[in-house]
Structure formats: C-alpha cells, structure tokens
Amino acid sequence: MNESKLLSGEQIPLEMHKAKIIQKLNLVPTQRRLDAMREAGFNTFLLNTTDIFLDLLTDSGVNAMSDRQQGAMMTVDDSYAGSQSFTRLEKVCRDLFGMEHLLPAHQGRACEHILSKVLVQTGSVVVTNYHFTTTKAHIMLCGGTVEELPIAEALNPTSSHPFKGNMDLERLEGYIQELGSEKIAFIRMEAGTNLIGGQPFSLENLAGVRKICDKFGVLLVLDASLLADNLYFIKKREEQCQNLSIREITGKICDLVHVLYFSGRKLGCARGGGICTNREDVFLALRELIPLYEGFLTYGGMSLREMEAMAVGLEETMDEEMINQGPEFIAHMVNELDRRGIPVVTPPGGLGCHLNAMEFVDHIPQNQYPAGALAAALYIVSGVRGMERGTLSEQRDEKGNEPLADLELLRLALPRRVYSLSHVKYTIDRLTWLYEHRHMIGGLKFVDEPRTLRFFLGRLEALSDWPEQLARKFSRDLESI
Ligand code: F0G
C-alpha cells in the first residue's frame, strides 16, 4: 500500500474514514482534575466524562460506528421472537465464522457466565493463554480455577516476539497429562490477549493447541472479542498467512475451534455479544440458559438495533483498510514513546498503548498499586483517562491474600475511529513531562475495597500529598512556557 506513505519517508497512520458527526470535548483546568480525581477515589472508573478530555479507558462499546452501521439500525425488525434482525446477524456469523449456531447475549461477560455455568464444575480447570478479569471471575464463581500457560515471552514487557499471546504447547500437553483431561473444563484461547498488552497468537500456535485438544478430547473455546486486531497481526507478522485475505484467516481460525464467543462491544463495533458453535451437544446445553439469563433466543438481551449494527460491523471487520486503523495508531504511539525512552509494552499490540508501570514508577511497590497511581497521575496532568491493568485488577483469594499481578500496566485504549493524531501527540507530550517527573508520583491504598472485581468500584487514597505537589509543579511548568 505505497499510496499511503508520506513522500518524506515519515510513517503516520492514515485514517481511511472521515468524521461526519462530532462530539464536543471538555478540557477542565488542572485544579479541577485534581479535585475530580480525589472525588473519584483515585479510581479512573469513577470519574465523570464531564471532567475527561480524552477517554482512553477502553475500546468497549465506544468505537465509532460507520454510516452503514447507523443506517442499518434504522431498518430494524423489532420483535420479541423470530426477528429478522437476528436472522441477518446469524447469517453473517455463519458466513464469517462457518458456525451454524449463534446464541446472542447482552455482552461478552454474559457469554462467559453461560459458558461457565454449563462447562465448569467445582474442581475443574480452564487452561488459557492468559486470563481476562470477567472470564476468571465467572469461572471461579462456578467453582473452577484458571491455569495460565502462555509462552515465557508473554510476560516480558519489552520482548520483540511477534506472538506473545501464544500458548506454551509443551507445557499444555504436560499439564493435561498430569492433571487428567477429565478435570479440564475447556481450553480457552484469547485473541489479542487483553491483560498482557493486546498481544496476538499465531495461527500456527492455535493449530498446535487444537492438535493437543484432539489428542485428549478437550473442548477448545476462542474468546474472539479482540479478534480484529489478532487478524491484522496474523496477516502482517505470520509469513505463511501474508497472501491470505482477512476473511480467509478468519475462516482458518474458526475451523480450529469448537466454540467461539465475543464481546460485540469490541468485535463488530456495536453493543452485545454472542456464542457460536457447530457442536450440537454444546449448543443445546448453552441454549437452555439464554432465555433464563439473557432473553429470548432471537435477542438475548441485546437491542435489535445494535444487532443490525453488529451484523454490518462484523462484515466491516473483514475490510483490510478498516482493521488497520486501530493497530497502526497504536504502533505509532508505542514507537514514539519508546523512542523517548518511556517504558511501553513491545511489540505494539492491539487495543491500546500499554505503559509498563513497574518500570515507569519503579519506586512504588506493587502493593501500593503503581499502575493505578500512574493512571491517576496521568489524568491529573492531562485529563486523559486510562485504565489500571495490574494488581488492582486482581482479586483476593479465599484467604484474603492479595496476588501480585505479573505485569503492572497503564492501558491507554484507542477506541477505533474516534481520536485523531493530534490527540495522540498531546498524550505523548503529557506522558513525556510525567516521565521526567515520575519520582513525584507516590502510591495508593484502598479505603473501600469490594470483594469481586474491586477495580470497578473500589475507592483509594494517596499515601502522601503527592497528587497536590504534582498538580502544582505541572501548573507552574505550563505557565512558564
Ligand atoms: N473478553 C475479553 C478479551 C475482553 O476484553 C472483554 C472486555 C470481555 C471478554 C468481556 O466483554 O465487556 O462485553 O462483557 N473487555 C473490556 C475492556 C471491558 O475494557 O477491555 P464485555
């Protein structure tokens, strides 16, 4: 695609869309941001959008829809049962994933709830390339545990390995042999592995996992929420796939798994979720629970308008120019920060840019939540909202012990087609200032700690007056330019 290159040789991500509707943003003063952070209990989830300039919390449910998606929402077939909107989505899923059955659910974690209820029993284990917060919580609620067997490079923030989301095949085989396959509820491969920095798995690795599943008669489940980014990376980084279309790669991935589920808030740029499978036995067992927890089988808790938008959004995911947008913006941001010596997860993944808080604020111990502190500090100096992905996002065990996360990341998600290059430049600028003043950032402690998914609603406070000092210094520096 030489047409998209600048003649100066500089590489910039080129948007293959234009904005037709915009939303006004607010950039409130530093003092207000300091107050807002205190009011939010140093938890970025508890901020109000009126106080936020750039919302890089997540790409979930906030990706910009295309004009075709918006248009499709107007032609909805509103009906409790037998809606043609469902039939349209089902057809798209059959075409793209090659899976006969679609069970709709209101979002990704609802799929996890249903899957766990049916497949997980007390004492059973789900083996995965890496866990996701809501997945693990649902598995644990059903009495199961999660065993992570990623390759060693997965947890190295500065590796150059192109597929850090790969499963360690040798360990997987050894683990099943030792535990006994009857104890394994299922093997879960997560596309664009969220908690380790949006890192992909390779098609070759997935094929290896499937071989082991066949050997032991174990079910293979794909979390396809971040499939779009993973597809892009397979095409770009996996040699034997470079001549395949995104659609063909999708087909090959889906042929390898027994069950696929996704958050439609990410995949398909709408709001909802779904479980797809060709396995009749699994389908029938899962189907029973959909009307009970989600809604009738042809809406599953989703708005049918969103279902129409999702059908178009999934088709658009196959457009090679469309799915480049996210990863190329992220790569630009990661490479620019890396060039400035700011610790980021490499190689650039999907979903967003991930800062390595363990190194950025290496003076803050893990039990004082370095990534949470960094998220608070960045908000105070910029109005940019990111998300902690580290120890704060972990859950205490039954004895109340706090597990320390493998990685302490500040995630700056880049919702697709929403922010511009100037927004990315602004964020890089503020992060550069913050890195130069990183020793001013201190730790946090909980003052109100919920038992489940504590990162959503927990409240914390600063361990000293570091937020005030940081805000003061930043304001003075800004005035002096
Ligand atoms: N699986 C993965 C890999 C996810 O990233 C998410 C959500 C889910 C499942 C659950 O889906 O939100 O529709 O219930 N990730 C969001 C995020 C919340 O911000 O990364 P959901």
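The values are calculated or read from the model by the stated rules, or taken from the named source; none is laboratory data. This is a predicted model, so every value here is computed, not measured. Here Cβ is always computed from backbone atoms with ideal geometry, including for glycine, and neighbour counts include all displayed protein chains. The area values use the complete protein model at the heavy-atom level, side chains included, leaving out ligands, DNA and RNA. Shrake-Rupley method; radii C 1.70, N 1.55, O 1.52, S 1.80 Å.
Search the stretch 58-79 for residues being part of a loop (DSSP other than H, G, I, E, B) and under 18 Å from residue 16 (Cα atoms), and hand back the single one that is farthest from the ligand (Cβ to nearest atom). The residue in question is 66.
Going by the structure shown, is residue 245 modelled with pLDDT of 95 or more, open to solvent by 10 Å² or more (accessible area, probe 1.4 Å) and in contact with a strand residue (DSSP E or B) (Cβ under 7 Å, 6 or more places away or on another chain)? Step through it out loud before you land on a result.
Values: modelled with pLDDT of 95 or more: yes; open to solvent by 10 Å² or more (accessible area, probe 1.4 Å): yes; in contact with a strand residue (DSSP E or B) (Cβ under 7 Å, 6 or more places away or on another chain): no.
No: the conditions fail for residue 245.
Answer with yes or no whether residue 144 is open to solvent by less than 10 Å² (accessible area, probe 1.4 Å), assigned by TED's automatic domain parsing to the domain that holds residue 166 and away from the ligand (no atom under 16 Å from the Cβ). For residue 144, the condition - open to solvent by less than 10 Å² (accessible area, probe 1.4 Å), assigned by TED's automatic domain parsing to the domain that holds residue 166 and away from the ligand (no atom under 16 Å from the Cβ) - is met.
Taking the stretch 30-57 as the search range and keeping residues that are open to solvent by 30 Å² or more (accessible area, probe 1.4 Å) and farther than 30 Å from residue 323 by Cβ, which one is farthest from the ligand (Cβ to nearest atom)? Can you show your working first?
Pass one, the stretch 30-57, residues open to solvent by 30 Å² or more (accessible area, probe 1.4 Å): 31-32, 35, 38-39, 45-46, 48-50, 53, 55.
Next, from what is left, pick out any that are farther than 30 Å from residue 323 by Cβ: 31-32, 35, 38-39, 46, 48, 50.
Values: 31: 29, 32: 26, 35: 26, 38: 24, 39: 22, 46: 15, 48: 18, 50: 21 Å.
Across the stretch 30-57, the extreme among qualifying residues is 31.
Listed here are the residues, each with its yes/no results for (1) within 16 Å of the ligand (Cβ to nearest atom); (2) over 11 Å from residue 106 (Cβ atoms); (3) touching a Ser or Thr at 6+ places or on another chain (Cβ under 9 Å).
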{"residue": "271", "(1), (2), (3)": "yes, no, yes"}
{"residue": "275", "(1), (2), (3)": "yes, yes, no"}
{"residue": "280", "(1), (2), (3)": "no, yes, no"}
{"residue": "287", "(1), (2), (3)": "no, yes, no"}
{"residue": "292", "(1), (2), (3)": "no, yes, no"}
{"residue": "298", "(1), (2), (3)": "no, yes, yes"}
{"residue": "305", "(1), (2), (3)": "no, yes, yes"}
{"residue": "308", "(1), (2), (3)": "no, yes, yes"}
{"residue": "311", "(1), (2), (3)": "no, yes, yes"}
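Set side by side, the residues 197, 192, 174, 251 differ, and just one is open to solvent by 10 Å² or more (accessible area, probe 1.4 Å) and under 27 Å from residue 155 (Cα atoms), which is 174.
Can you tell me which of 122, 134, 158 is touching a residue at least 12 places away in the same chain (Cβ under 8 Å), in contact with a Gly (Cβ under 8 Å, 6 or more places away or on another chain), open to solvent by 40 Å² or more (accessible area, probe 1.4 Å) and outside the structural domain of residue 392 (by TED's automatic domain parsing)?
Numbers: 134 fails: open to solvent by 40 Å² or more (accessible area, probe 1.4 Å); 158 fails: in contact with a Gly (Cβ under 8 Å, 6 or more places away or on another chain).
Answer to the selection: 122.
Exactly one residue out of 431, 414, 421 is under 17 Å from residue 55 (Cα atoms) and in contact with a Phe, Trp or Tyr (Cβ under 6 Å, 6 or more places away or on another chain): that is 414. Looking only at residues in the stretch 81-134 that are of a type in the set (Ser, Thr, Tyr) and away from the ligand (no atom under 16 Å from the Cβ), the one that is nearest to residue 207 (Cα to Cα) is 124. Of the helices (runs of 4 or more DSSP H) that lie entirely inside the stretch 169-254, those containing 1 or more residues that are within 16 Å of the ligand (Cβ to nearest atom) and of a type in the set (D, E, K, R) span 227-237.
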